[in-house]
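Written below as structure tokens is the structure these notes are about.
The values are calculated or read from the model by the stated rules, or taken from the named source; none is laboratory data. Everything quoted here is computed from the prediction, not taken from an experiment. Don't worry about glycine lacking a Cβ; one is built from the backbone with ideal geometry, like all the others, and counts go over all protein chains shown.
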Amino acid sequence: MTSNQALADWVREVAALTQPDRIHWCDGSQAEYDTLVSDMLRSGTLLELDPETRPHSYLHRSHPSDVARTEHLTFVCTPERDDAGPNNQWLAPAEAHSKMDALFAGAMRGRTLYVVPYCMGPIDSPLARCGVEITDSPYVAANMRIMTRMGKAALARIEREGSFVRGLHSLGDLDPERRFIMHFPQELLIQSIGSGYGGNALLGKKCHALRIASYQARQEGWLAEHMLIMGVEDPQGRLHYIAAAFPSACGKTNMAMLIPPVEYQGWKVKTIGDDIAWLHVGEDGRLWAINPEAGFFGVAPGTSRHTNPNAVDMLEHDTIFTNVAMTGDGRPWWEGLSDETPATDWQGRPYDPANGPAAHPNARFTVSARQCPSWSPEAEHPAGVPITAIIFGGRRASLAPLVLEAKNWQHGVLLGAGMASETTAAATGKVGVVRRDPMAMQPFCGYHFGDYWAHWLATGARLTKAPGIYQVNWFRRDAERRFLWPGYGENLRVLKWIIERCQGQVNAEQTPVGNLPLHGGIDLAGLDVSREHMRELTHIDPQAWLAEMDEVGSFLHGFGPRVPQALHDERERAAQGLRQLAG
Ligand code: GTP
Ligand code: SPV
Ligand code: MN
């Protein structure tokens, strides 16, 4: 089935271990996708949505215990524990292998083994990387066709180049007691069993394009980041690309395809990616980005014509919905979409508010990026797009201002390393707890954070035209827990300020923790945000920030001697300045 001997041998070994009834090599064709879908409709894995209003769209209900990434069951298995770092759970490779081999033994009996060759990144890009996922889930195979360049062309590239990341996935018995997501960076190998959901199972995404890729990127001198990529074009036709890292379910998909406010006639947003960026230092000294993915696996709840019209339009056809509710006439539904009352909830029960939300809070859609009205063909450019600004964001009810500009690259790395955000439903566990999530990579960095920050500093040193670094927070709240900032499309006002700053067009207020917009710096024309709220959003409280800097200090120290001294120094400089301010 392939001229690549290593791949042929691996498929044979896996089949011998897992004992599938059949083996299918995916070619990525429409006919193959249609067959996968009709098989799943027959088995009940997919339900067809109303073909009149939602053509070629389907609903999948995952096992109720399998609805989000499981970080506590995710491991990085480097030979040395310290190379995985305190930010990862670790197992010795030999121990992990024997545990996983036992779980995979016979796991595919009665099932089809799908061989899924895929390419992360434009198929002709030297920056793209290939992988092969072996899975016994037709739902995973179908999703991989939407999320990656899957099939023939990827296999041809693998046969040409010889190297690829191996990902072995089985649904197993879906028992959380027997669910593990293991990474072996040295072997370019991923093994995942017991979950069919999202980042646990679509191995090209978090496992390959972030955990394994970040490890490779450090060795090879680039960055693999949890970032959207978007272009912002002003009415004069000047185009700037922005890469922004927010933790899971904190607004990347929404920002990547935002629609400018009505006051912003002539402004255009161009979507390149909504979740992952691979960043390279270009020969011109700028930072260049590609989106390794080809589709979006986006959060459904909260998505509406009001908040994200581009998403609503792109979801009208050829979409797989997972764990959403359904209306009586077979349309997908979730909280925030409309005032309708759904007929069935995400588990297929007649809707009863007593059972909680109708859609699971981490309900998602899978859709080709090309269906997004703001999708840009530049996403296919082999060299990627040049980045003007990097943004770090989080979900913080207090403290963090609407926007803050780093003093320089090194200070920007400190801003990123100190990021914190309230947890969301994207991972299992308690929601709404503030945790540190450096560069939004806490769940995804495939090696020691100390080494990672050193790698960020080293990358900055190679950039002669480094992007500006910014921190944003769309999620500040008042005493009644209402958002102070309208968010969504209105966030363009903040992006405009960021671009103006990068061009040296506007002044800012300098503070020890970074630079803030001056009064009037953020254009509020047509917006209903009070002066007091705006002041609250664009000033810092030195006392509270001093406490924050103390916490960031202990957090950094928790990673031991691998943390670059420059970060400690940068933090100490900020703290000293704050002490003076606070008197
Ligand atoms: P992952 O796919 O998990 O990586 O998430 P993401 O970062 O792409 O987040 P997404 O854009 O899907 O947003 C998650 C949730 O936050 C949705 O319910 C959105 O409606 C909501 N959200 C996004 N942007 C904003 C904003 O500017 N303000 C407010 N208040 N909510 C927002
Ligand atoms: C995230 O959690 O950041 C996601 C969803 O993008 S998942 O693919 O499940 O990781
Ligand atoms: Mn994500």
Of all residues in region 279-304 being more than 8 Å from ligand 1 (Cβ to nearest atom), among the aliphatic types (A, V, I, L, M) and outside any loop (DSSP other than H, G, I, E, B), the one that is surrounded by the fewest Cβ atoms within 10 Å (Cβ to Cβ): Val281
Test: residue in region 243-258 that is away from ligand 2 (no atom under 16 Å from the Cβ) and under 28 Å from Pro309 (Cβ atoms): yes
Residues of region 556-575 satisfying the condition of being farther than 16 Å from Asp451 by Cβ and surrounded by 13 or more Cβ atoms within 10 Å (Cβ to Cβ): Glu570, Arg571, Arg573, Ala574, Ala575
Residue within region 353-369 that is closer than 30 Å to Glu283 by Cα and not in a strand (DSSP E or B) present: yes
Long-range neighbours under 7 Å by Cβ, at least six apart or interchain, first residue at positive phi within region 331-355, second not hydroxyl-bearing (Ser, Thr, Tyr): Gly336/Pro301; Gly336/Gly302; Gly348/Arg61
Criterion: at pLDDT 95 or above, loosely packed, with under 14 Cβ neighbours inside 10 Å and touching a helix residue (DSSP H, G or I) at 6+ places or on another chain (Cβ under 9 Å) - qualifying residue of Ala68, Ala105, Ala84, Ala94: Ala105
Which numbered condition Asp275 fails, given (1) more than 16 Å from ligand 2 (Cβ to nearest atom); (2) crowded, with 23+ Cβ neighbours inside 10 Å: (1)
Every pair of residues 6+ apart whose Cβ atoms lie under 7 Å, when the first sits in region 234-255 and is within 16 Å of Phe475 (Cα to Cα) while the second is more than 16 Å from ligand 2 (Cβ to nearest atom) and part of a helix (DSSP H, G or I): Asn254/Tyr488; Met255/Asn491
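List the helices (runs of 4 or more DSSP H) inside region 482-583, counting only whole elements, that have at least 3 residues being within 30 Å of Gln236 (Cα to Cα) and at pLDDT 95 or above. It would help to see each step written out before you state the result.
On the way: elements: 492-502, 531-537, 542-557, 565-582.
Ranges flagged: 492-502.
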